[in-house]
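Please treat every number below as a calculation from the coordinates, not as lab data. Nothing here was measured: the structure is a model prediction, and the numbers come from that model. Cβ atoms come from the backbone with ideal geometry, glycine included; neighbour counts cover every protein chain shown.
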Amino acid sequence: MNIYTRKTSWNSVPIVPMLDILTILLIFFIVHTEFKRQNQVLPLTLPQTQHLSGVRGDADSLLLEIDELGRIALGGKLISPEELPVALAELRRAHPDIKLQVSAAEGSSMGLFISIMDILTSTGIEIDQVPVRIDYRPGE
């Protein structure tokens, strides 16, 4: 009488469950990948810092750019400093929860930067909620 039956061992690798896991991982990485929009109009050299760090700005925020010549771009369109308050007010009216990000070139005017911050405040945008882009290079 044979009480114990010997189980046969499988010498092959189960491919179907592996393909299922790889498919799930592929979907996970596709969903969690950041798709950055390139909306920078002005070629800027950002100010560099070695000791001042911060957090990354939101990729979905609207970019307000200031270059060395005093040109201003809002959301990928060149705009004059005189038109900026009206454009920001219209933008705020159309999208009340819009996020803004300021990117000023290294050689841009501090006076222009301060006047833009003043315009942001006058249109009801909280300055402490507007990140300023810098080029952080630790240890150089």
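Computed quantities for the displayed model
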{"read-out": "In nm, spacing of pseudo-spin labels at residue 122 and residue 89 (7 Å Cα→C-beta vector)", "value": "0.9 nm"}
{"read-out": "Simple label model, 7 Å out from Cα along Cβ direction - residue 69 to residue 12, nm", "value": "6.9 nm"}
{"read-out": "Local electrostatic count at residue 85 - Lys and Arg +1, Asp and Glu -1, tallied over other residues with Cβ under 14 Å", "value": "-2"}
